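One structure is given below, encoded as structure tokens.
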Amino acid sequence: MRLLLWRFSIYVQSSTFGQDLLDVHYTDKSLLPMSSWQKFAYAAVVVGGNYARDRLQRPLPKLTAWCPHAPQLAEFLDAATEAAALANFLVFLQRGRYQLLLERALGVRAQFSKPQAARQLSYDFMNREILWHVFAEFLLFLLPLINVQRMRNCFRRAFHPMTPGKGVQGTNPKHLHKCVVCDLPPCTPHSIGCSHVFCYYCIMGNALADSEFCCPSCGVQVGRHETIVPIVLETEADVS
């Protein structure tokens, strides 16, 4: 089936069926149609390579009888091919040429069949823009899955380690008037048992995002949510 598709697409018109719908075809560096050796090399990789890979998947365990390193060699070739394809993709994003590793190896590029009119964007530019948009959408999907708050707390604990329990027997938190997280007057003040005060949203947001969250000032760990209790701060009039 792959051979028939190649015969009536690449071999006849130097383009796949999808490229033909877009009025695009492969050309060499001189903007000439693909030569015969390029077409047959394309078939050898796309048709012959995939056929050989499919045929070798089943008897591969049997090859270990006379070649013990056959599975490791196959895995190495797959990993090397994927690494080369990734490197080629990064170069393509930067320079906009040779989207596929096979295109770079054969020296062919996808070009419009007819001369471009004024203000018409090149195929390479449009292809690169589409890939950038897909990459941006992937980041928008991935970023909400990353727990940024926990990562920030882990970096803070790694570079500013504190001794747990320090400051528990310190000053009563009722006279403190700044949240140790946001450094602002606490909104709905709460305490975790140490000598510092937190906003309710500051302490609950960090505790829910990071189960190992501890006080940024003294290192007391929150632990269970039952340890987060509301408190009433003393005003200057109460102190007097």
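The values are calculated or read from the model by the stated rules, or taken from the named source; none is laboratory data. Quick caveat: nothing in here was measured; it's all calculated off a predicted structure. Cβ placement follows ideal geometry from the backbone for every residue including glycine, while neighbour counts extend to all protein chains displayed. These area figures cover heavy atoms from the full protein model, side chains too; ligands, DNA and RNA do not enter into them. Shrake-Rupley method; radii C 1.70, N 1.55, O 1.52, S 1.80 Å.
So which pairs qualify, if the first residue must be in segment 83-95 and under 11 Å from R128 (Cβ atoms), the second must be surrounded by 14 or more Cβ atoms within 10 Å (Cβ to Cβ) and not hydroxyl-bearing (S, T, Y), the Cβ gap must be under 6 Å, and the two must be at least 6 apart or on different chains?
What qualifies is F92/Q99.
Given the condition open to solvent by less than 40 Å² (accessible area, probe 1.4 Å), in contact with a helix residue (DSSP H, G or I) (Cβ under 6 Å, 6 or more places away or on another chain) and at pLDDT 75 or above, answer yes or no: does some residue in segment 90-100 qualify?
yes
Is there a residue being at pLDDT 70 or above, within 23 Å of the chain's Cα centre (by Cα) and either open to solvent by less than 80 Å² (accessible area, probe 1.4 Å) or within 26 Å of K39 (Cα to Cα) (or both) anywhere in segment 101-110?
So far as segment 101-110 goes, yes, one or more of its residues are at pLDDT 70 or above, within 23 Å of the chain's Cα centre (by Cα) and either open to solvent by less than 80 Å² (accessible area, probe 1.4 Å) or within 26 Å of K39 (Cα to Cα) (or both).
Just checking, does segment 212-219 include any residue being modelled with pLDDT of 75 or more, open to solvent by 80 Å² or more (accessible area, probe 1.4 Å) and assigned to a loop (DSSP other than H, G, I, E, B)?
yes
Go through segment 154-192 residue by residue and tally those that are at pLDDT below 75, in contact with a Cys (Cβ under 8 Å, 6 or more places away or on another chain) and not in a loop (DSSP other than H, G, I, E, B).
2
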